[in-house]
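Asker: Please see the structure below; I have some questions.
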Number of protein chains: 2
Amino acid sequence: MADAAVRTSRPATNRRTPAGGAPRAPHSAAEAAEARIDIAAVENMLLGTWADTRRETREAIKDSAFWQVTGQTKEEHRERVLTQLHMLVDIEGSRRAFPAEYGGHDNNGANIAGFEELVLADPSLQIKSGVQWGLFGSAIYQLGTKTHWDRWLPAVISLELPGAFAMTETGHGSDVAAIGTTATYDPDTEEFVINTPFRGAWKDYLGNAALHGKAATVFAQLITGGVNYGVHCFFVPLRDDDGNFLPGIGGEDDGVKGGLNGIDNGRLHFDHVRVPRENLLNRYGDVAPDGSYSSDIASPGRRFFTMLGALVQGRVSLDGAATTASALALKIAVTYGNQRRQFDSGSGTDEVTLLDYGKHQRRLLPLIAQNYAQFFAHDELLTTFDGVFSGRNDTPDERENLETLAAALKPLSTWNALNTIQEAREACGGQGFLAENRLVGLHHDLDVYVTFEGDNNVLLQLVGKRLLADYARQFKGADAAALAKFAVGQTAGKVFRGAGLRQLGQSVADFGSTARSVELGLRAEQQHELLAGRVEQMVADLATALRPASKLAPAEAADLFNQHQAELIEAARAHGELLQWEAFSDGVKAIQDEGTRQVLTWLRDLFGLHLIEKHLAWYLINGRLSAQRAASVSRYIGRLCTRLRPHAQDLVDAYGLAPEHVRAPIASGAEQERQDEAREHYARLKASGDAPTSEKALQKK
Amino acid sequence: MADAAVRTSRPATNRRTPAGGAPRAPHSAAEAAEARIDIAAVENMLLGTWADTRRETREAIKDSAFWQVTGQTKEEHRERVLTQLHMLVDIEGSRRAFPAEYGGHDNNGANIAGFEELVLADPSLQIKSGVQWGLFGSAIYQLGTKTHWDRWLPAVISLELPGAFAMTETGHGSDVAAIGTTATYDPDTEEFVINTPFRGAWKDYLGNAALHGKAATVFAQLITGGVNYGVHCFFVPLRDDDGNFLPGIGGEDDGVKGGLNGIDNGRLHFDHVRVPRENLLNRYGDVAPDGSYSSDIASPGRRFFTMLGALVQGRVSLDGAATTASALALKIAVTYGNQRRQFDSGSGTDEVTLLDYGKHQRRLLPLIAQNYAQFFAHDELLTTFDGVFSGRNDTPDERENLETLAAALKPLSTWNALNTIQEAREACGGQGFLAENRLVGLHHDLDVYVTFEGDNNVLLQLVGKRLLADYARQFKGADAAALAKFAVGQTAGKVFRGAGLRQLGQSVADFGSTARSVELGLRAEQQHELLAGRVEQMVADLATALRPASKLAPAEAADLFNQHQAELIEAARAHGELLQWEAFSDGVKAIQDEGTRQVLTWLRDLFGLHLIEKHLAWYLINGRLSAQRAASVSRYIGRLCTRLRPHAQDLVDAYGLAPEHVRAPIASGAEQERQDEAREHYARLKASGDAPTSEKALQKK
């Protein structure tokens, strides 16, 4: 495998030989003699704002010591990843997020960008780094104060102090506010007593907990003077230097997982473990020696969400890592699809390259479009994150925007990653099932991305509630009649039902028109109108449906809300898709090179049409697309696929992945060699005159 | 884990305590005081025609020696599964398909049913058994003749002769006709020379090839007298008694795979390996000592498909195993969803059981409906298979039906299995990602089911072509004008566009009508009309679109076909869905017990509506549903979910899976214990008067 991995990737575009007859349709942009992307320029765009850091990390992980080895036991894999973490420290990989005072680089955006690229080496490495520096280290830095930084940050950065981030419990994942672990202040000894009252309150799924963690940042209900001030975070030592649990602490290994087995996930429980008062990470709330509680944030709810919000970077980095992992899967599947042949075309010539099949194009090309959209959207998310965490743009509004953006994008990109990797694996057939071709491993490792750092459905529900709150803000103080009047007004508005009705009227004109005129009706502006209008109407419809809740008893109101839960989540998803589409469109607008702009405009259109097709029934039911125009969506996608097919290799080459990042034999030349050898064999046989006659030919005589 | 596994499963229905306040809505049919299924009777229905064999196998695999052990290396896992195969021989598990003359039971249906159940123990065991007896053994039995049976069947059945089924090559999977391996007859020595001419012609992905196979049934192009008579099968010894390759034979291990690592998949190549003339499995074609070829089937194409058709049982058994594996995943997720609580409802009472969430119901209940449909459809498939292979009903038409049915159902059930298992894993959150809870392992192992034994897309394309052929048969001899006239006639026909237009007219009457009247418009008959009408129209539309092909040059005709490839596959999928729906409906019709019939009718309706919702845009575009009626589909699904929610546990309990089959701690009582303990803790704390006041409550004062 190592051999295959260092082979230079030879894109199909430059080496197609007419050995068995020229292909009927162009396979590459070079052959197609038309607009073509500037691959290097697109690579720069996709690498985004922190391109330099990404390139630096990609260069570093060309070292095979960083690569995942398939078939290792979890013990071997965990050891290997721990070693890799030390290697990261050696190349300064752990310093970027931390302040210069502690040897850090004060560069939050670069920090996330660098970590995300590690997914190419081994997702276990990416996530275990995230646990150590992004969660454990960040909790100390973001929730603690100078005393804590002075005491622990240097050892966190150097990995002398590996730690676990003990938030989730077996009984409470997404609902952090309800965790059972308690930290009760004892004014007599000026200590907090950390306690696990029942099995469901064990901390669970924690990286670094099963083996390597010497301490943990433990989230617990802070109780002092008989009052529960809600969830706070405490620094709790776990193990002595020999790796034995300290008194009162116990735990278990989570054992084998569906993936990420290079991480030592485990469980922890605390039997009245005492830590000094100063171990409370006290940035947002503190307890004085006498036990009195104080906080700059009076509202318990707002304080809780502020603390959680300080840890948003996990979600941000998953959005980026999922996008990069999807890119890797597409690079593998498209390269293979451009080399592998299967079945002759029935025209008696040559076997057909997979990517020439209509179905194969339909499977893979919209996923490239979606992946590009995610790259653009992620760069916006990361820029927002960097603005807030650098302090340049740290306002409550911007923090809320950041959290909503992260909660909207992370679910979409992580689910898309699983879909993309699975489609890529199936598109590679049996080869896709071999671990050496990496697709199955990527799926195993990324599986948990959809439920950790906030379950995707729970996150989307948060986004949905934010959308509803924004909507309701328009009617502050307005009574129901005003709301009803507003709703009526919408009917004639620009992007609400009225627009749909107008389009319905136009549908007669569409009928029988040329393909080009139909496409004109589904250009950028219309795509935006359809996508944005859907979000707005879904939110407005939900608001109307939920309005009676304010007059109901709590239980009935909860029931009403629950009846609309699936729609709320769907509205949030629509919002996330719109954000991705807008980011892609903004990216395309900024392109100078004409060929690049043309091809990426097609790709953006494919993304937009792909979204509209996915929700076509909604557009029809709501009168926003006529049946004729709706029917044309699928045909338009077909034409876009035909147009983009010659550019497929360019588009995945623009991910800028080197052979050391791809490492899948089927995408590193092995398949092309096999195809060439087979075709040469048959050509030689034919030339020799020794080829057997086929029975069929014989029967015809 | 073993401990958890033998704990008796205690369904939530019988043990709900009002510890923290009674649930708002019924959680079980017992509470709901309404129609309820007869669980034992439904279990019998789902076990189907060969219920006895299924029960026998399920009893046998209660022995933990048959269970998959997580975290084993592939070497350990392969050894374990080989041992399990010997255990199967000991309990007569390998005899069912073979004739009594060789110690067999002559029972094809029971054989498949028994093998399918093995998926509950370990999918590697199911598939390795399938390789040995279903592929290697079947090739000898179905493609060979008495000489071959006498020589090899007893040792195949007893596992003295483990073998590989060497059909697929690295360069040719689904396109078996184009394999590169040759078997050239040498009349001088009366031997066939088996040869691998290039790397792409290596046999690949073969179970038993890497380690255990002593022989293989090798598919190769039969060449005699300078003529290639197409693919035939040969018995080729591979290894000596010490496990070393015989002269001229070489191979490689396929290494770690995405799953099924208990099987020693590998590659084989042959360097002019000579086998006696008699090693040709000569049921459908033979070569005389002088090299002359003979066959009862004159057409090379028909001969080829007859040989492949003799091996259809692989597809049949995957349909059943995928259905049973999905049932296991649903049993785990629904049981957990009925015990696990998350977030309080906002009404200040208790935390909400997962399955009470609208979204959670929407995620899981339609999957139960789909799974039930698959059980009914699979029993029909297996009955058809048994009819053909027992000889009771072995006509060319019935063989073709069997092959089409298998090709239509296997893709749907294997894809559904991956979706179902993944949704179940996500619905269980972090617990779902732990190997001990089995969902991730099921996904890993079943992943390859969608591309092996015929890639799903390739199989659906075959079905689509068959649908087109059936359609064209109606116009035999008819010219284009007649076809056009027929197409026009359709517009006013019963299940074609006309019906859609009529429904569109009715839509005004729907508007504002009660929910019940809308449901009346989506009852069984309408569901059938919608599902069947879609298949018919899609096929008719395709036929119209492809009609010009007959007048085009082969290359252009191929292009035209390729443009419609995705639609052809979609039509085949619609056909498969219709078959599943019809099988489910036939099953429901046969039910005597009223409660059971009522609940399963709701479930069948949920399946039908779920399919219609999936294709809603199509129904709208084609005028078969009005916008109003289409909008009601989703609401109706919501109501069906509410109705079925109390029956969810009954429905998965009716799978009849014992704790030894489930073996997931979260579905074996551990979660319920944790919930009970936590609630008792808080109740005690409250009663003691020591519970801390919440800061929020304090602030209100």
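Asker: What dipole magnitude, in Debye to the nearest 20, does chain B give about its Cα centre under +1 on Lys/Arg Cβ and -1 on Asp/Glu Cβ?
Answerer: On the way: 73 positive and 89 negative charges, 604 e Å.
For chain B, the charge dipole is close to 2900 debye.
Asker: Got a number for carbon plus sulfur as a percent of region A:518-583's accessible area, 1.4 Å probe?
Answerer: Values: 1440 of 2500 Å².
That share works out to 58 percent.
Asker: Counting only the heavy atoms of the protein chains, how much of A:Asp344 is accessible to a 1.4 Å probe, in Å² to the nearest 10?
Answerer: Number for this one is 80 Å².
Asker: Restricting attention to region A:82-137, which GluC sites (Glu not before Pro) occupy a DSSP loop and are surrounded by at most 15 other Cβ atoms within 10 Å?
Answerer: Details: sites: A:Glu92, A:Glu101, A:Glu116, A:Glu117; in loops: A:Glu92.
Passing both the DSSP loop test and the Cβ count: A:Glu92.
Asker: What is the spread of the Cα atoms of region B:160-202 along each of their three principal axes, largest first, in whole Å?
Answerer: Projected onto the principal axes, the Cα atoms of region B:160-202 cover 34, 31, 17 Å.
Asker: Next question. Along the charge dipole of the protein assembly as shown, Cβ charges K/R +1 and D/E -1, which of B:Ser688, A:Gly230, A:Gly213 sits furthest on the positive end?
Answerer: Looking along the dipole axis, the top candidate is A:Gly230.
Asker: Roughly what angle does helix B:594-614 make with the longest principal axis of chain B, taking Cα atoms, 0 to 90 degrees, to the nearest 10?
Answerer: 70
Asker: What fraction of the Cα pairs in region A:354-429, stated in percent, has a spacing above 16 angstrom? Present the calculation step by step, with values, prior to reporting the outcome.
Answerer: Numbers: 1663 of 2850 pairs.
Roughly 58 percent, once rounded to a whole number.
Asker: Continuing with this model, one more query. Give the residue from B:Asn44, B:Gln132, B:Gly250 lying farthest towards the positive end of the charge dipole for chain B; charges sit on Cβ (+1 for Lys and Arg, -1 for Asp and Glu) and the dipole is referred to the Cα centre.
Answerer: B:Asn44
Asker: Work through the residues other than A:Glu570 whose Cβ is under 13 Å from its Cβ and net out their charges, Lys, Arg +1 and Asp, Glu -1. Show your work: numbers first, answer last.
Answerer: Numbers: positive: A:Arg534, A:Arg573, A:Lys614, B:Lys359, B:Arg362, B:Arg363; negative: A:Asp541, A:Glu567, A:Glu577, B:Glu613.
Summing Lys and Arg as +1 and Asp and Glu as -1 gives +2.
Asker: Another question, then. Applying 1/(1 + (r/R0)^6) with R0 = 30 Å to the Cβ-Cβ distance of A:Asp586 and A:Arg635, what FRET efficiency is obtained, to the nearest 0.05? Present the calculation step by step, with values, prior to reporting the outcome.
Answerer: Working: r = 28 Å, r/R0 = 0.93.
Once rounded, the FRET efficiency stands at 0.60.
Asker: Relative to the longest principal axis of the C-alpha atoms of chain A, give the angle of the C-alpha long axis of helix A:480-490, reported between 0 and 90° and rounded to the nearest 10°.
Answerer: Between the helix axis and the principal axis of chain A, the angle is about 20 degrees.
Asker: May I pose another question? Classify region B:57-162 as rounded, prolate or oblate from the Cα gyration tensor: take a ≥ b ≥ c as the square roots of its eigenvalues, call it rounded if a/c is under 1.5, otherwise prolate when a/b beats b/c and oblate if not. Intermediate results must be reported in sequence, preceding the final value.
Answerer: Details: a/c = 2.31, a/b = 1.70, b/c = 1.36.
It is prolate, given that a/c is not under 1.5 and a/b is the larger ratio.
Asker: Next question, about the same structure. With a Förster radius of 56 Å, plug the Cβ-Cβ distance of B:Glu594 and B:Leu560 into 1/(1 + (r/R0)^6) and report the FRET value to the nearest 0.05.
Answerer: Values: r = 54 Å, r/R0 = 0.96.
So, using R0 = 56 Å, E works out to roughly 0.55.
Asker: List the residues, sorted by chain then number, that are 5 or more residues from A:Gly230 or on another chain and whose placed amide H is less than 5 Å from its amide H.
Answerer: A:Leu222, B:Glu695
Asker: Percent of alpha carbon pairs in region B:408-468 separated by more than 17 Å?
Answerer: When every Cα pair of region B:408-468 is considered, 46 percent fall beyond 17 Å.
Asker: Got the relative contact order for region B:79-234 handy, in percent, Cα pairs under 8 Å and 6 or more residues apart?
Answerer: It rounds to 19 percent for region B:79-234.
Asker: Tell me the Kirkwood radius of the protein assembly as shown: reciprocal of the mean inverse pair distance over distinct alpha-carbon atoms, in Å.
Answerer: The Cα-based Kirkwood calculation yields 33.3 Å.
Asker: Within 14 Å, Cβ to Cβ, of A:Gly595, how many net charges do the neighbouring residues add up to if Lys/Arg are +1 and Asp/Glu are -1? Walk me through the numbers on the way to the answer.
Answerer: Working: positive: A:Arg36, A:Arg597, A:Arg643; negative: A:Glu34, A:Asp38, A:Asp593, A:Glu594, A:Asp650.
Value of the local net charge: -2.
Asker: Another question about this same structure. Translational D (Stokes-Einstein, µm²/s) of region A:164-284 at 10 °C and 1.306 mPa s when Rh comes from the Kirkwood sum over C-alpha pairs? Numbers along the way, then the final one.
Answerer: Details: Rh = 14.4 Å.
Estimated via Stokes-Einstein, D reaches 111 µm²/s.
Asker: Cα to Cα, under 23 Å, and not fewer than 8 places away if on the same chain: which lysines meet these conditions relative to B:Lys700?
Answerer: A:Lys551, B:Lys686
Asker: What do you get for the angle between helix B:313-337 and the principal long axis of chain B? Use alpha-carbon atoms, 0 to 90 degrees, nearest ten.
Answerer: 20
Asker: Placing a label point 7 Å from Cα toward Cβ, how far apart in nm is B:Thr147 from its equivalents in the other copies, listed shortest first to one decimal?
Answerer: Between copies, matching label points for B:Thr147 lie 9.2 nm apart.
Asker: If you don't mind, another one. Counting pairs of Cα atoms in region B:559-701, how many percent are more than 22 Å apart?
Answerer: On the way: 6710 of 10153 pairs.
So the portion of pairs separated by more than 22 Å is 66 percent.
Asker: Report the extension gain between B:Met87 and B:Val69 in nm, rounded to one decimal, defined as 0.36 nm multiplied by the number of residues separating them, less their alpha carbon distance.
Answerer: Values: separation 18, 0.36 × 18 = 6.48 nm, distance 1.66 nm.
Full-extension gain reported as 4.8 nm.
Asker: Count the net charge of all other residues whose Cβ sits under 10 Å from the Cβ of B:Tyr293, scoring Lys and Arg as +1 and Asp and Glu as -1. Intermediate results must be reported in sequence, preceding the final value.
Answerer: Working: positive: none; negative: A:Glu695, B:Asp286.
Combined, the nearby Lys, Arg, Asp and Glu give -2.
Asker: Another question about this same structure. Sorted by average packing, counted as other Cβ atoms within 10 angstrom per residue and highest first, what order do B:399-406, A:402-409, B:320-327 take?
Answerer: Values: B:399-406: 21.0, A:402-409: 24.6, B:320-327: 28.1.
The densest-packed peptide leads the list: B:320-327, A:402-409, B:399-406.
Asker: Oh, and also: Could you work out [θ]222 nm for chain A from helices alone, using -39500 (n - 2.57) per DSSP H run of at least four and dividing by all its residues? Round to the nearest 500 deg cm²/dmol. Walk me through the numbers on the way to the answer.
Answerer: Numbers: 29 runs with 378 residues, N = 701.
Using -39500 (n - 2.57) per qualifying helix, the result is -17000 deg cm²/dmol.
Asker: Mind ordering B:216-222, A:245-251 by average Cβ neighbours within 10 Å, highest first? Please report the intermediate quantities before stating the final value.
Answerer: Values: B:216-222: 26.4, A:245-251: 15.0.
Top of the packing list down: B:216-222, A:245-251.
Asker: Where the centre of each part is set by its Cα atoms, how far does region B:67-119 sit from region A:588-627, in angstrom?
Answerer: Taking the Cα centre of region A:588-627 as reference, the centre of region B:67-119 is 52 Å away.
Asker: Right, another one. When a/c reaches 1.5 or more, the comparison of a/b and b/c decides; with that in mind, is chain A rounded, prolate or oblate per its Cα gyration tensor? The partial results should precede the final answer.
Answerer: Numbers: a/c = 2.35, a/b = 1.34, b/c = 1.75.
Taking the square roots of the gyration eigenvalues as a ≥ b ≥ c, chain A is oblate.
Asker: Taking the full set of protein chains and a 1.4 angstrom probe, give the accessible area of A:Lys614 in square angstrom, rounded to the nearest 10.
Answerer: Taking all protein chains as shown, A:Lys614 has close to 110 Å².
Asker: Please state the relative contact order of region A:516-666 as a whole percent: Cα pairs under 8 Å, 6+ residues apart?
Answerer: Details: 81 pairs, mean separation 37.3, N = 151.
Rounded, it is 25 percent for region A:516-666.
Asker: How would B:Lys551, A:Lys257, A:Lys465 line up by accessible area, probe 1.4 Å, largest first?
Answerer: These residues rank, largest area first, as B:Lys551, A:Lys465, A:Lys257.
Asker: Subtract the Cα-Cα distance of B:Glu34 and B:Arg392 from 0.36 nm times their separation in residues, and report this length gain in nm to one decimal. Intermediate values should be presented prior to the final figure.
Answerer: Values: separation 358, 0.36 × 358 = 128.88 nm, distance 4.41 nm.
Value of the extension gain: 124.5 nm.
Asker: Regarding region B:217-374, what is the average projected area of its C-alpha convex hull, in nm²? Before the final figure, lay out the partial values.
Answerer: Values: hull surface 62.2 nm².
Approximately 15.6 nm², given one-decimal rounding.
Asker: Just by accessible area at a 1.4 angstrom probe, what is the order of A:Lys686, B:Lys696, A:Lys74 from largest to smallest?
Answerer: A:Lys686, B:Lys696, A:Lys74
Asker: Students often check this: by mean Cβ neighbours within 10 Å, which of A:541-547, B:357-363 ranks highest, and how do the rest follow? All intermediate terms of the calculation are to be shown ahead of the outcome.
Answerer: On the way: A:541-547: 16.3, B:357-363: 21.6.
Ranking, from highest mean packing down: B:357-363, A:541-547.
Asker: For chain B, what relative contact order do you get, as a whole percent, if you take Cα pairs closer than 8 Å and at least 6 residues apart?
Answerer: Values: 1115 pairs, mean separation 131.1, N = 701.
Relative contact order of chain B: 19 percent.
The values are calculated or read from the model by the stated rules, or taken from the named source; none is laboratory data. Just so it is clear, the model here is predicted, and its values are computed rather than measured. Methodologically, a virtual Cβ is constructed for each residue, glycine included, from the backbone with ideal geometry; neighbour enumeration extends over all protein chains shown. The protein model used for the area step is the full one, side chains on, heavy atoms only, and it has no ligands, DNA or RNA in it. Shrake-Rupley method; radii C 1.70, N 1.55, O 1.52, S 1.80 Å.
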